[in-house]
1. With every protein chain left in place and a probe of 1.4 Å, what is the accessible surface of ARG36, to the nearest 10 Å²?
2. Return a whole-number percent for the relative contact order of the chain, with Cα pairs under 8 Å and 6 or more residues apart as the contact set.
3. Among 19-25, 1-7, what's the highest-first ranking by average C-beta atoms within 10 angstrom per residue?
4. Along the range 36-48, what does the Karplus equation 6.51 cos²θ - 1.76 cosθ + 1.60 (θ = phi - 60°) give for ³J(HN,Hα), rounded to whole Hz, x for Gly and Pro?
5. Taking a cut-off of 13 Å, what percent of all Cα-Cα pairs in the chain are separated by more than that?
6. As a test of the formula, what do you get for the chain when each DSSP H run with n ≥ 4 contributes -39,500 (n - 2.57) and the sum is divided by the residue count, at 222 nm and rounded to the nearest 500 deg cm²/dmol?
7. For LEU28, LEU53, give me the order by solvent-accessible area with a 1.4 Å probe, most accessible first, ignoring ligands, DNA and RNA.
Amino acid sequence: MSVTDDGGTATAPKVEHQDQDAEHGRGLGMVSAIARRVVVHDSDQGHTVTAELYADTRLGGHPC
(Lines give C-alpha, C1' and ligand atoms only; values in the text may rest on other atoms or scores of the structure.)
Protein backbone atom coordinates (compact mmCIF):
# COMPACT_ATOMS: atom_id res chain seq x y z
CA MET A 1 0.00 0.00 0.00
CA SER A 2 1.40 3.45 -0.90
CA VAL A 3 0.32 6.97 0.02
CA THR A 4 1.84 10.20 -1.36
CA ASP A 5 1.49 13.59 0.33
CA ASP A 6 1.06 16.82 -1.63
CA GLY A 7 4.69 17.88 -1.24
CA GLY A 8 3.92 20.81 1.04
CA THR A 9 6.73 20.08 3.50
CA ALA A 10 10.45 19.50 3.14
CA THR A 11 10.66 16.96 5.99
CA ALA A 12 10.03 13.28 5.37
CA PRO A 13 7.44 11.43 7.45
CA LYS A 14 8.86 9.45 10.38
CA VAL A 15 7.54 7.59 13.38
CA GLU A 16 7.58 9.75 16.48
CA HIS A 17 6.20 9.27 19.96
CA GLN A 18 3.14 11.46 20.48
CA ASP A 19 1.82 12.46 23.88
CA GLN A 20 -1.66 11.49 25.01
CA ASP A 21 -3.25 14.80 23.94
CA ALA A 22 -1.72 14.96 20.43
CA GLU A 23 -4.29 15.25 17.65
CA HIS A 24 -1.97 14.20 14.78
CA GLY A 25 1.05 12.02 14.12
CA ARG A 26 0.03 8.50 15.13
CA GLY A 27 -0.81 7.05 11.71
CA LEU A 28 2.68 6.07 10.60
CA GLY A 29 3.38 4.48 13.97
CA MET A 30 0.25 2.33 13.69
CA VAL A 31 1.12 1.32 10.12
CA SER A 32 4.68 0.44 11.19
CA ALA A 33 3.33 -1.80 13.94
CA ILE A 34 1.37 -3.99 11.51
CA ALA A 35 3.58 -3.80 8.41
CA ARG A 36 6.37 -6.12 7.42
CA ARG A 37 8.31 -3.16 6.01
CA VAL A 38 7.76 0.61 5.67
CA VAL A 39 9.78 2.71 3.19
CA VAL A 40 9.63 6.49 2.63
CA HIS A 41 10.52 7.77 -0.85
CA ASP A 42 11.18 11.46 -1.58
CA SER A 43 10.37 12.91 -5.01
CA ASP A 44 9.48 16.23 -6.66
CA GLN A 45 5.79 15.39 -6.13
CA GLY A 46 6.13 14.84 -2.37
CA HIS A 47 6.87 11.96 -0.02
CA THR A 48 5.51 8.49 -0.70
CA VAL A 49 5.16 6.05 2.18
CA THR A 50 4.97 2.42 1.08
CA ALA A 51 3.96 -0.26 3.58
CA GLU A 52 4.33 -3.93 2.79
CA LEU A 53 1.66 -5.77 4.74
CA TYR A 54 1.52 -9.50 5.46
CA ALA A 55 -0.88 -11.14 3.01
CA ASP A 56 -0.87 -14.78 4.12
CA THR A 57 -1.89 -16.22 7.46
CA ARG A 58 0.31 -18.63 9.27
CA LEU A 59 -0.92 -21.70 11.11
CA GLY A 60 -2.98 -20.46 14.05
CA GLY A 61 -3.01 -16.89 12.75
CA HIS A 62 -6.04 -14.77 11.93
CA PRO A 63 -6.55 -12.80 8.70
CA CYS A 64 -6.95 -9.06 9.04
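The values are calculated or read from the model by the stated rules, or taken from the named source; none is laboratory data. Treat the numbers as computed from the prediction; the structure is a model and nothing was measured. Positions of Cβ are generated from backbone atoms using ideal geometry, with glycine treated the same way; all protein chains shown enter the neighbour counts. Only protein heavy atoms, including side chains, enter the accessible area calculation; ligands, DNA and RNA are left aside. Shrake-Rupley method; radii C 1.70, N 1.55, O 1.52, S 1.80 Å.
1. For ARG36, the solvent-accessible surface is approximately 140 Å².
2. 39 percent
3. For the peptides 19-25, 1-7, the packing ranking is 1-7, 19-25.
4. Coupling constants for the range 36-48: 6, 7, 10, 10, 10, 10, 9, 8, 5, 7, x, 9, 10 Hz.
5. On the way: 1379 of 2016 pairs.
Pairs farther apart than 13 Å: 68 percent.
6. On the way: 1 runs with 8 residues, N = 64.
Counting only the DSSP helices, I get -3500 deg cm²/dmol.
7. Numbers: LEU28 35, LEU53 70 Å².
Output order, biggest surface exposure first: LEU53, LEU28.
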